[in-house]
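Worksheet: the structure to be examined is printed underneath.
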């Protein structure tokens, strides 16, 4: 019996020691950071919002110039010259601080320029929609000077360049009109671009009301916020909290280069989390260390449960030895029982934490089949640990219940033990 009791105490210390070591490993290892992935998502959000603005601007300008005097005058001049052409596409190009910093259009834009542009849109509501107003006689005169009286060639399109004379938001906006038409030199056919000498006055468009029930939104700020680029409707700036943490490294990069840098840092962070763990001079992967340590804990707990059952069976005739043993002696008082309960439940908590919080970072390096460490497999292992811990607690409780209650020291009755002195005799 003495050897069994000593083994119980040794197993309890061993189980606690393995749990402490496993907890130290779980708390000290490097876990992959989620910040890199979240920063990439914010770059994607920023890019998607700006791309949506680009589509919105293209659509709005198509509607503005589709019914403009510039197009109508050009088509009327073609009809007057007998040309069969029925349409002349008009393209608007925004330059300077009127342009939308879309990385899909201009790969040289940086994240810093994109964020500053978004903030400016929120703060100043600087919509870039301008109609270059022209007069029909001046359009006719410019085209007559360009082509004379000969039959006009095919007009391939008109490009409207909108620019500010200065970078200030209140600076004057200017219009430049460029005509592209088909040109033939000998057997070669190509295109020629010329500036149209047509006076033009830019008119800021604040609302686009087309015939019919349709309504066109020209508020760029609402489009940006609609793509989650703001924390609420009243946000006056781009809300990118994760991206700001890496701003010194990626702020001056274009979105593609910033994503590449984040991918590189994420790969390095992943490699750091795969560092080997040295146990008794042997180098193990993190996945093996966590799973094997939990299996060792399960085996030790099973052995402890069997030993406790053996102690309970052999208890008659050895109650005094069991009551004075190291393991059960501590639990003779309620405080000792509470301490031992925590020490027996601590390994279960450590194993559950290691299997579900620590192990996923090492799942990819598991050397065996994935089903061995799947969520179900780890849940079953945790359930077995919990069941074995419960058996240990039950067996411990049954042994403690079978032990005789230590007798209380006899108390002293009030007034007993010290003789009451007799009153002194009175004399006359």
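Bear in mind that the values in this text are calculations on the coordinates, not laboratory data. Being a predicted model, the structure only gives us computed values, none of them experimental. Positions of Cβ are generated from backbone atoms using ideal geometry, with glycine treated the same way; all protein chains shown enter the neighbour counts.
Points worth noting:
- In plain terms, the residue of 377, 73, 191, 354 with the fewest other Cβ atoms within 10 Å comes first and the most crowded comes last, giving 191, 377, 73, 354.
- Cβ-based exposure ranking for 43, 50, in which fewest neighbours within 10 Å come first: 43, 50
- A quarter of the convex hull surface defined by the alpha-carbon atoms of region 56-250 gives 14.7 nm² as the mean projection.
- Where labels lie 7 Å past Cα in the beta-carbon direction, separation of residue 67 and residue 35 in nm: 5.3 nm
- The slack in the chain from residue 403 to residue 242, taken as 0.36 nm per residue of separation less the alpha-carbon distance, amounts to 51.9 nm.
- Which of 391, 185, 57 has the fewest Cβ neighbours within 10 Å, and the rest in rising order: 185, 391, 57
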